[in-house]
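A.B. asks: Mind having a look at this structure? Questions to follow.
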Amino acid sequence: MECKHSQEWMSAYLDEELEASTRVQVEIHLAGCAQCAQTLAQLQALRTRLAGHAMRYAAPAHMQERIHTAIRAQRQDRPVHTVKPWRWNWLAAGAAGVAATALVLIAAWNLPIRQRGDLLAQEVAASHIRSLMPNHLADIVSTDQHTVKPWFAGKLDFSPPVIDLAQQGYPLIGGRLDFLDQRPVASIVYQYRKHILNLYVWPAAAPDMAPQASSRQGFQLLRWRQGGMQFFAVSDLNPQQMGAFSLALRTRLDASPGQQATAQTR
Ligand SMILES: [Zn+2]
């Protein structure tokens, strides 16, 4: 069995949905493939985390207000569609359903890069909001980069850069494992005055990219690539403050290549 198939079947394997022969094949592969075994462990850890937390929280009043404002704004933006009455017969409805499903699938596979980026921005904003809920901000709470960085070792297949920016006005709060873009990522949590800043980091194959700003649900996002890593910063700072944070971080990253993110070779 190839890794490709083993990874495809991993969810079903965890759910005990595989038939016996496939299950055995997956188990044989897992026994001999460290990479897939690690993916399985990460998936299991994620499930345990999700199962261990009550997934419903009452949002604080200021967040509820912000969400309601965002929803109202979106409703006002949305064009009004008039629906014409349509005569259905079941066969046509069935065919239309199949066609619609196919279209959705084709659309999902062929999403332009920009739109995929938009989905990712949406994911990042949602993850940031989740992190602000009680007890979700940091798995490791420490202002010391020498405590936070090693904490990620063995939990991710890369070593994220953890930079102390206290001198620049952004003390470290800690770190957290998260899941974005269909992979486990590091979140490094900073503070600026009373504001929380999540910095998401994961390996990127693409070349370096200058920071690009956007906003989602009232939060400012800034993404860039540097030294083989994708960075995504999000907070309720204003765009200028976000730019200043990114500049401080990028300068320190350039100045300390030892702190550059490194892919762990296993
Ligand atoms: Zn494998």
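A.B. asks: For the stretch 125-266, with all protein chains present and a 1.4 Å probe, just round the carbon and sulfur fraction of the accessible area to a whole percent.
C.D. replies: Carbon and sulfur: 52 percent of the exposed surface of the stretch 125-266.
A.B. asks: Can I ask one more? Among the trypsin sites (Lys or Arg not before Pro) in the stretch 116-219, which ones are in a DSSP loop with at most 13 other Cβ atoms within 10 Å of the Cβ? Mind listing them?
C.D. replies: 193, 194
A.B. asks: Follow-up question, since we're still on this one. Classify the stretch 130-262 as rounded, prolate or oblate, taking a ≥ b ≥ c as the square roots of the eigenvalues of its Cα gyration tensor: rounded when a/c is under 1.5, otherwise prolate if a/b is larger than b/c and oblate if not.
C.D. replies: Rounded is the answer for the stretch 130-262, as its axis ratio a/c remains below 1.5.
A.B. asks: Tell me which aspartates and glutamates have Cα within less than 14 Å of residue 155's Cα, excluding those fewer than 8 residues away on the same chain?
C.D. replies: Within the straight-line limit of under 14 Å, residue 155 reaches these aspartates and glutamates: 139, 178.
A.B. asks: When Lys and Arg each count +1 and Asp and Glu each count -1, what net charge do the other residues less than 12 Å away from residue 211, Cβ to Cβ, add up to?
C.D. replies: Overall, the nearby charge balance is +2.
A.B. asks: Let me ask something additional. Suppose every K and R has +1 on its Cβ and every D and E has -1 on its Cβ; what is the size of the dipole of the stretch 113-241 about the Cα centre, in Debye to the nearest 20?
C.D. replies: With only Lys, Arg, Asp and Glu charged at Cβ, the dipole is about 180 debye.
The values are calculated or read from the model by the stated rules, or taken from the named source; none is laboratory data. Note that this is a predicted model, so its numbers are computed, not measured. Using ideal geometry, Cβ is built from the backbone for each residue, glycine included, and neighbour counts are taken over all protein chains shown. Side chains are part of the model used for accessible areas, which takes the heavy atoms of the whole protein and leaves out ligands, DNA and RNA. Shrake-Rupley method; radii C 1.70, N 1.55, O 1.52, S 1.80 Å.
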